[in-house]
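Enquirer: Got a structure for you, written out below as C-alpha cells; questions coming shortly.
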C-alpha cells in the first residue's frame, strides 16, 4: 500500500515528516512520511533508525530513494516537506531532495517560543511574556512580506523587547529563516495545510491501534507490527471510504456549499475566462474574489493557501467545474482509494458507482491514469462531482405563495376562533428571532419550536432529593456518582494543553507527556 501511495499526485506536492520514539525496548526512532489523499493522510514509508542525528536521517532517506527508484514521490522531488523544527531532519531532507522546500509546523513554532519565554534562564519578566508572544504571533501570521517586516521590527525593537538582549537574538535567529515559518512566504503549494497534525494523528494511531500502548519486545517485532498490523489498519480504513462507509468528505463539501448559498443567483458570479471567475464577498457585495478552478486557488484569506473555500464552492455548485482541492466524493475518487488499498485485486470501476441517480457521467480510465497529475489538475471534466446534484435532489422544494397564504390564513382562523394571548405571541416572536440558520428554520416549521436539548441528554433528579442531601455533597441536578463520596473542597484541576488559552492566561502550556 505504501509503494502504491507514491503514485498519488499529492505525493509530488506536499509530504509530512515526523519522528517518534519509545516504541520498543531499545528506544529506536520511527520516522513517518505521509501525504494526503481523499481519505486524509496515508503513509509513504516508515523509517526506523537508532537515533535522530543528521547522518542517520541521510542514510534512511537515501535508502528510500534508492529502493523506490523512479517511483519515489512520483519520480520528482516534492514541492514541500512539512516538518517540526529539527535541524538534523531539515538538513538531511535538503541534501537528499535539494529542490524541495521545508516548512515548519505553525503549532510547534509558537509552542517552542512560549516555552522559551517561560524558561527562567532567559530572565523574561512574567508580565512581559504575553506581550512578547503576541508580537511574535503577528509576525508569524502576517499576510504580506511588507507586513511581516513591519511586525518583526515591532517585535524585536519595541519598548519591551529591546530590554532583553537574549530575546533580540532569539527572534533574529528565527527571522533569518522566516521563509520556513512565516505565512507571508507561503502560497497555494501548501494546499491549506500549515501544521503537522496529520503526522501527530498518525503517530497516535500507531501507538494506540497498532502497538496498543505496549512497547515492542525488540526491533524485529517492531518491524512486524509496522509491516503487517499497520498495513492492515490503513487498508481497512481506506476500504471504508471506498465503500461509502465514511461520509466525511461529502459532509465537508455540503458544508461549504451551504456557506456559499448567499450567492443566490448565478449572474452574481462574473466569468472572466473558462477557468477564472469573480465571486462576490458575503459581507460586501462590491468586493470580489478571484477564483481559479484549474489551480484550486482563491484570493480570499483561506483560498490563497490552497484551501477549498466557500467562494470556490459557489463556482463548483453553479458551473459544475472540477477543483483539484475540493473534497473527493466521486466514483473515480472512491475507485482511486480502492486501488490504493487493494492494488491488483480491486473490483471494476462500476462497483463503486453511486446508488443515487446522477445527471453527468465521468470519464473512465485505468488505475495509472487515475493517480496521475493530468487527471487531477488538467482534466477538469473528469472531476465533475455528482454530490451537488445529490444535495439538490435531497433538498426539499420551496413552498409556493399559495401554500404560505394557507399557513397565514390558518393562523388567523385560530386567532379569531380561540383568541391569542400576548405572552404566547411574544414567546413565538422571540423564538423566531432566535432562528439563525436554515436547519433551525426547518426544525421550527416541522416541530413548532426550537429543540434546544442534545441527543442523549441527562435525566435530572427530583428537586426535593437535592434538598435532602447532606452538607458537602454536590447540589447539582445529576445523580450522585458511585464509589467514594465527593470531598467538600474542589479537586485541583490540571492545566489544559491549550496553547492559545494558556497564552491568554499568561501561564505555561501543559506538556503532552
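The numbers here are math on the coordinates, done by the rules we state, and not lab data. Just so it is clear, the model here is predicted, and its values are computed rather than measured. Note that each Cβ is placed from the backbone with ideal geometry, even for glycine, and that neighbours are counted across all protein chains shown.
Enquirer: Just to compare against my own numbers: the Cα pair-distance distribution for the range 5-130, 5 Å bins, whole % per bin, please.
Expert: 2, 10, 17, 21, 17, 12, 8, 6, 4, 2, 1, 0
Enquirer: So, one more: Just check the range 153-290 against the gyration tensor rule for me: Cα atoms, a ≥ b ≥ c as the square roots of the eigenvalues, rounded for a/c under 1.5, and otherwise prolate or oblate depending on whether a/b exceeds b/c. Display every interim value, and only then the final one.
Expert: Numbers: a/c = 3.15, a/b = 1.13, b/c = 2.78.
Here the range 153-290 falls in the oblate category.
Enquirer: Same structure again: How do the peptides 136-149, 200-213, 72-85 rank, highest first, by the average count of neighbouring beta carbon atoms within 10 Å per residue?
Expert: Values: 136-149: 16.9, 200-213: 15.3, 72-85: 19.4.
Going from most to least packed, we get 72-85, 136-149, 200-213.
Enquirer: What is the distance, in nm, between label points placed 7 Å from the Cα along the Cα-to-Cβ direction at residue 433 and at residue 219?
Expert: With each label placed 7 Å out from Cα toward Cβ, I get 7.1 nm.
Enquirer: A further question follows. Quick one: compute the contact order of the range 126-190, relative version, from alpha carbon pairs under 8 angstrom and 6+ residues apart, as a percent.
Expert: Working: 55 pairs, mean separation 22.9, N = 65.
Reported relative contact order: 35 percent.
Enquirer: Could you tell me the calculated FRET efficiency between residue 353 and residue 270, based on Cβ-Cβ distance and R0 = 41 angstrom, to the nearest 0.05? Don't skip to the answer; put the middle values down first.
Expert: Details: r = 35 Å, r/R0 = 0.87.
Here the calculated transfer efficiency is 0.70.
Enquirer: Subtracting the Cα-Cα distance from 0.36 nm times the residue separation, let me have the gained length for residue 403 to residue 185 in nm, one decimal. Present the calculation step by step, with values, prior to reporting the outcome.
Expert: Details: separation 218, 0.36 × 218 = 78.48 nm, distance 5.56 nm.
The span from residue 403 to residue 185 would gain 72.9 nm if fully extended.
Enquirer: Please state the shape class of the range 126-190: rounded when a/c is under 1.5, otherwise prolate if a/b exceeds b/c and oblate if not, all from the C-alpha gyration tensor. Walk me through the numbers before you get to the answer.
Expert: Working: a/c = 2.27, a/b = 1.98, b/c = 1.15.
Prolate shape, in that a/c is at least 1.5 and a/b is the bigger ratio.
Enquirer: Suppose each label sits 7 Å from its Cα in the direction of the beta carbon; what would the residue 3-residue 150 distance come out to in nanometres?
Expert: Result for the modelled spin labels: 5.5 nm.
Enquirer: A follow-up question, please. What shape does the range 259-352 take by its C-alpha gyration tensor, where a ≥ b ≥ c are the square roots of the eigenvalues and a/c under 1.5 counts as rounded, a/b above b/c as prolate, and the rest as oblate?
Expert: On the way: a/c = 2.95, a/b = 2.50, b/c = 1.18.
In terms of gyration-tensor shape, prolate.
Enquirer: Using alpha carbon centroids, what distance separates the range 194-232 and the range 77-119, in Å?
Expert: Spelled out, the Cα-based centre of one part sits 22 Å from the other.
Enquirer: Subtracting the Cα-Cα distance from 0.36 nm times the residue separation, let me have the gained length for residue 75 to residue 510 in nm, one decimal. Please report the intermediate quantities before stating the final value.
Expert: On the way: separation 435, 0.36 × 435 = 156.60 nm, distance 4.20 nm.
Working it through step by step, the gained length comes to 152.4 nm.
Enquirer: Once you have the Cα-Cα distance between residue 252 and residue 197, take 0.36 nm times their residue separation minus that, and quote the gain in nm to one decimal.
Expert: Numbers: separation 55, 0.36 × 55 = 19.80 nm, distance 1.82 nm.
Once the chain is fully extended between residue 252 and residue 197, it gains 18.0 nm.
Enquirer: Something else about it: Quick one, what does Rg over Rh come out to for the range 401-447 if you take C-alpha atoms and the Kirkwood Rh?
Expert: Details: Rg = 12.3 Å, Rh = 12.1 Å.
When Rh is taken as the Kirkwood radius, the ratio is 1.01.
Enquirer: Arrange the peptides 181-187, 117-123 so that the one whose residues have, on average, the most other Cβ atoms within 10 Å appears first.
Expert: Numbers: 181-187: 18.4, 117-123: 12.6.
Answer by packing, highest mean first, reads 181-187, 117-123.
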